[in-house]
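*Asks:* Please see the structure below; I have some questions.
The values are calculated or read from the model by the stated rules, or taken from the named source; none is laboratory data. In this text the structure is predicted, and so the values were computed from the model without any measurement. All Cβ positions, even for glycine, are placed from backbone atoms using ideal geometry, and neighbour counts span all protein chains on display. With ligands, DNA and RNA removed, areas are computed over all heavy atoms of the protein, side chains included. Shrake-Rupley method; radii C 1.70, N 1.55, O 1.52, S 1.80 Å.
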Amino acid sequence: MLAEAGCSFADVVRVRYLLPDRADFEPCWPALRRCFGDVRPAATMLVCGLADPRMKIEIEVDARRPAGPDLRPH
């Protein structure tokens, strides 16, 4: 979805991690570091129920689209 909006992980300014079990967050760090690299967006982690009990984490991000051509459909 980031690419569809003309963004990348470098444009993420806020991230929310939603997990049913807090203990599942730490094992996610290696993958998150690979995706975000040096980017350090504001972050919140919430422990909550997810729609599918098989899910371990849901991640929501807000990104700021870089200046450039209008990428919205016409």
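*Asks:* Please specify each residue of the range 38-58 satisfying the condition of being open to solvent by 70 Å² or more (accessible area, probe 1.4 Å) and touching an Asp or Glu at 6+ places or on another chain (Cβ under 9 Å).
*Replies:* 47, 51, 56 - these are the residues of the range 38-58 that are open to solvent by 70 Å² or more (accessible area, probe 1.4 Å) and touching an Asp or Glu at 6+ places or on another chain (Cβ under 9 Å).
*Asks:* Return the total of residues in the range 3-20 being open to solvent by 40 Å² or more (accessible area, probe 1.4 Å) and either at pLDDT below 95 or in contact with a Gly (Cβ under 9 Å, 6 or more places away or on another chain) (or both).
*Replies:* Restricting attention to the range 3-20, the residues satisfying the condition of being open to solvent by 40 Å² or more (accessible area, probe 1.4 Å) are 3-5, 8-10, 13-14, 16, 20.
Next, only the ones that are either at pLDDT below 95 or in contact with a Gly (Cβ under 9 Å, 6 or more places away or on another chain) (or both) stay: 3-5, 8-10, 20.
Count: 7.
*Asks:* Now a separate question. Across the range 25-37, what is the number of residues that are open to solvent by less than 40 Å² (accessible area, probe 1.4 Å) and either assigned to a helix (DSSP H, G or I) or under 16 Å from residue 51 (Cβ atoms) (or both)?
*Replies:* Kept after step one, since they are open to solvent by less than 40 Å² (accessible area, probe 1.4 Å), are these residues of the range 25-37: 25, 28, 32, 36-37.
Still in the list and also either assigned to a helix (DSSP H, G or I) or under 16 Å from residue 51 (Cβ atoms) (or both): 28, 32, 36.
Of the residues in the range 25-37, 3 are open to solvent by less than 40 Å² (accessible area, probe 1.4 Å) and either assigned to a helix (DSSP H, G or I) or under 16 Å from residue 51 (Cβ atoms) (or both).
*Asks:* Going by the conditions given, is residue 61 surrounded by 11 or more Cβ atoms within 10 Å (Cβ to Cβ), in a loop (DSSP other than H, G, I, E, B) and modelled with pLDDT of 90 or more?
*Replies:* Values: surrounded by 11 or more Cβ atoms within 10 Å (Cβ to Cβ): yes; in a loop (DSSP other than H, G, I, E, B): no; modelled with pLDDT of 90 or more: yes.
No: the conditions fail for residue 61.
*Asks:* If you check every pair at least six apart or on different chains, which have Cβ atoms under 9 Å apart with a residue in the range 41-62 that is under 26 Å from residue 7 (Cα atoms) first and a residue that is open to solvent by 70 Å² or more (accessible area, probe 1.4 Å) and small (Gly, Ala, Ser) second?
*Replies:* If the second residue must be open to solvent by 70 Å² or more (accessible area, probe 1.4 Å) and small (Gly, Ala, Ser), the pairs left are 58/51.
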